[in-house]
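One structure is given here, and the rest of the page talks about it.
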Amino acid sequence: MTSWMTAVDSRSSPQRPRALVFDVDGTLIDTLRPMHTALNDVLTSEGLAPWGLPAVRDQLSLGLDGLLDAALRSPAATWANDRESLRARLLDRYLRIVPHEARCYPRADALLRRARDGGYRLAVCSNASGPVLALLLERFGWTTLFDCVVHAGNAAALKPSGLPLRQALSVVDVPPDEAWMIGDSALDARCAQAAGCAFVWFSPGYGVLERSDPMFARVDSHDALGELLFAHRGSWPQVRDA
């Protein structure tokens, strides 16, 4: 039996959520190593120092653009090519690597399919680029599971703004107080708070929450998230991993 922990303040949490909105990197899919490889390929080609794995992990919730900008803001960063050229190279390199090196978190596939079969509306709210998300969803066979995918290319704003989460919920036609945002970072927590949505922290991901960050619940696995949903709904269809 896995465990889940409810937060102190449950007033913002729906007892029977109708929609689940997921972050992707660090929540459903582990993309740290392919992004680390792709970023360092670009940095070293420009004569810049490579980033360590912990540094990339700390910034990965910002998405490809945010991570690149953080790398280029380094005081020692001087590069020959313009930023858009570097971005194009990073995206191209990442798209080549990520289908082979990204890994689905254990039982994430089963959780999504059980939730879909259980009648939840599913959506994605991510700071990742559209092409990357499209490739990942296809790679893991999830293209038909989500009713809405909000990403850096179509979002009204990026997380931690609440606008992209509200955008996703408007598509699935579920109010914020009847939805959970599931993510791994402070950006996700603050996005959920700004949108008026309960936040569930997936703690094995990349982010670290501060005491001031709002959290309805913390889960340490996707099985634990399933238990949390069961506790708040009372029924949970049994299906196998695809």
Heavy-atom surface of the chain, accessible at 1.4 Å and reported per residue (Å²): 45
Only four residue types carry charge here, +1 at the Cβ of Lys and Arg and -1 at the Cβ of Asp and Glu. Report the dipole size of the range 90-151 about the Cα centre in Debye, rounded to the nearest 20. 160
Give me the percent of the accessible area of the range 126-182 that comes from carbon and sulfur atoms, probe 1.4 Å, all protein chains in place. 54
Excluding residue 24 itself, what net charge comes from residues whose Cβ is under 12 Å from its Cβ, given Lys and Arg +1 and Asp and Glu -1? -3
Taking a crude spin-label model, label points 7 Å out from Cα along the C-beta direction, the residue 203 to residue 177 distance in nm is 3.0
Could you work out the longest stretch of the chain that avoids the trypsin sites (Lys or Arg not before Pro) located in DSSP loops with at most 13 other Cβ atoms within 10 Å? 74-210
Residue 29 long-range amide H proximity, modeled H, under 5 Å: 105
Around residue 124, which amide H atoms from residues at least 5 apart in sequence, or from another chain, sit under 5 Å from its own amide H, with H modelled in the peptide plane? 22, 148, 149, 150
Tell me what the chain gives for mean residue ellipticity at 222 nm when only DSSP H runs of n ≥ 4 count, each as -39,500 (n - 2.57), the sum divided by the residue total, rounded to 500 deg cm²/dmol. -13000 deg cm²/dmol
May I ask you to compute the full-extension gain from residue 139 to residue 220, defined as 0.36 nm times their residue separation minus their alpha-carbon distance, rounded to one decimal in nm? 26.7 nm
Apply the Debye scattering formula to the chain, with a single equal point scatterer on each alpha-carbon and no solvent, then give log10 I(q)/I(0) at q = 0.10, 0.13, 0.16 Å⁻¹. -0.45, -0.75, -1.11
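The values are calculated or read from the model by the stated rules, or taken from the named source; none is laboratory data. Just so you know, these numbers come straight off a predicted model, no measurement behind them. Note that each Cβ is placed from the backbone with ideal geometry, even for glycine, and that neighbours are counted across all protein chains shown. Surface areas here come from the heavy atoms of the whole protein model, side chains and all, with no ligands, DNA or RNA. Shrake-Rupley method; radii C 1.70, N 1.55, O 1.52, S 1.80 Å.
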